[in-house]
Structure formats: C-alpha cells, structure tokens
Amino acid sequence: MALIDFRDETAGYGGTAILEGITLRIEPGEKVAVVGESGAGKSTLLRLAYERCRNGAALVPQELGLVQSLTVFHNVYMGRLHRHSTWRNLRNLVRPAPAEVREVGAVLSQLRLEDKLFAAVGELSGGQQQRTAVGRALYHPGEILIADEPVSAVDEHQAREILETMNGEKRTVVLAMHDRALAIAFADRLVGLRNGRIVLDEPAAGMKPDDLDHLYRPAG
C-alpha cells in the first residue's frame with residue numbers, strides 16, 4: 001500500500017495554484033529526491049506529502065522551525081513531544097531526564113553535535129542549526145522522513161554523512177534537493193518538477209546531473 005498517493009492533485013497558497021495535475025505514488029522503503037529550479041513547486045509538494053501522512057512522518061522544513069532560546073537537547077526532544085504527557089514534557093523542560101539525555105545525545109553523535117547538547121540554538125551556526133533540525137526529525141518515531149533542502153547549509157562532506165544517516169535511520173525518505181549530484185547519489189528515484197508539474201519520474205541509477213538540465217532551462 002502506497003504511503004503517499006496523489007491523483008491529479010492541485011495545491012497552492014491563497015487561492016493561487018502552484019502544483020497542477022500532480023499524480024505520484026511513493027511506496028514504503030523508497031528514497032525519493034524531488035528536483036527542479038526554485039519556484040517549481042518542490043516545497044509545496046513536500047508540504048502536501050507531509051499533510052497526507054502527518055502522524056507517521058518526521059519533517060525538516062526549509063525554515064527549520066527551531067526555538068532559538070531553547071537548547072539543542074530541547075529542540076531535538078520536540079520530535080517526541082506527542083508521545084509523552086504534558087507533565088513529562090514540562091519536567092524535561094526544567095530538568096531533562098537522564099534516559100532522554102542519552103537518547104538525544106546518541107542522535108546528535110551521528111550528526112557530530114554531541115558537544116552542543118545543552119547549547120542554546122540561537123548561539124549555533126547556520127549549519128549546526130540545520131543539523132539540529134535533522135536531529136529532531138531523526139528522533140521522531142515516524143518511519144517517513146520528509147525534508148526540504150536538509151543539507152543546504154553544510155559542506156559536501158557533512159552533507160554526505162547526514163544523507164547517509166537519514167537513509168539509514170528512516171525507512172522512507174522524501175527530500176527536496178538543490179544539489180543534483182547528491183540527489184542522484186542518495187536517492188533511488190528522482191521526481192522532477194517544472195512549472196508546477198511533474199515532468200520526470202525515473203530511477204536515479206545511471207543518471208548524471210546533466211540529464212536533469214531540462215528542468216532548469218528557460219522556457220521557450
């Protein structure tokens with residue numbers, strides 16, 4: 001059974017359609033990269049996917065959605081707020097429990113952020129904040145990870161480490177990617193958008209970045 005199943009869908013904001021005629025199925029276990037130029041509708045497609053499987057999905061939004069005044073621990077812990085009682089969550093806000101500290105620390109160690117466990121997010125670099133948002137998604141119990149440009153603020157070596165970790169920790173991964181080479185390397189399927197429509201849906205194996213040039217050429 002497909003996790004995500006769009007059939008001739010239209011979506012947008014404020015009454016303006018950004019996506020039109022979208023038909024797309026994503027099955028459990030797939031690693032999918034959504035590619036296309038800025039404004040093609042990648043973020044809108046991811047938002048639509050997240051809304052359809054919200055209860056079982058972890059999200060890394062492009063704007064990250066971190067609470068700057070809270071620590072890295074607390075921001076990552078938010079990935080499981082819905083699993084615990086209000087009392088337990090308040091207790092962890094004041095005095096984090098050792099078990100949760102160990103769990104969050106284990107996630108952060110995969111992202112090379114363990115030394116920032118109790119640093120305020122507002123004191124971190126852009127790349128460290130992005131890794132914190134990825135950590136929150138990895139800590140989320142859902143088997144689906146939906147991420148919008150999750151490695152745009154880190155160097156290529158870190159990007160490869162993060163993408164490898166995401167693919168290893170989550171069964172199904174759907175990413176919007178700007179870097180075509182990384183999209184090909186870490187996805188098994190590429191979905192290409194142009195002007196709000198899917199114009200490519202192919203296996204990533206054997207693809208080269210140049211094969212995606214038509215998604216970025218000016219119209220005409």
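The values are calculated or read from the model by the stated rules, or taken from the named source; none is laboratory data. Being a predicted model, the structure only gives us computed values, none of them experimental. Note that each Cβ is placed from the backbone with ideal geometry, even for glycine, and that neighbours are counted across all protein chains shown.
Computed values, structure above
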quantity: Those residues of region 110-120 which are touching a strand residue (DSSP E or B) at 6+ places or on another chain (Cβ under 9 Å), under 19 Å from residue 158 (Cα atoms) and of a type in the set (A, V, I, L, M, F, W, C), in sequence order; calculated: 117
quantity: Helices (runs of 4 or more DSSP H) wholly inside region 54-110 that include at least 1 residues being of a type in the set (Gly, Ala, Ser) and farther than 24 Å from residue 31 by Cα; calculated: 98-110
quantity: Filter result for the condition that a residue is more than 30 Å from residue 41 (Cβ to Cβ), under 19 Å from the mean Cα position of the chain (by Cα) and of a type in the set (Phe, Trp, Tyr), over 139, 77; calculated: 77
quantity: Single condition residue 79 does not satisfy, out of (1) at pLDDT 90 or above; (2) in contact with a strand residue (DSSP E or B) (Cβ under 9 Å, 6 or more places away or on another chain); calculated: (1)
quantity: All positions within region 70-124 that are within 16 Å of residue 140 (Cβ to Cβ) and either among the aliphatic types (A, V, I, L, M) or loosely packed, with under 13 Cβ neighbours inside 10 Å (or both); calculated: 72, 76, 78, 81, 82, 83, 104, 106, 107, 108, 111
quantity: Region 41-69: number of residues that are surrounded by fewer than 16 Cβ atoms within 10 Å (Cβ to Cβ) and either under 22 Å from residue 114 (Cα atoms) or without any contact (Cβ under 8 Å) to a residue 12 or more places away in the chain (or both); calculated: 7
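Residue-by-condition table, conditions (1) surrounded by 14 or more Cβ atoms within 10 Å (Cβ to Cβ); (2) at pLDDT below 95; (3) on the phi > 0 side of the Ramachandran plot:
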position	(1), (2), (3)
131	yes, no, no
142	yes, yes, no
160	yes, no, no
168	no, no, no
187	yes, no, no
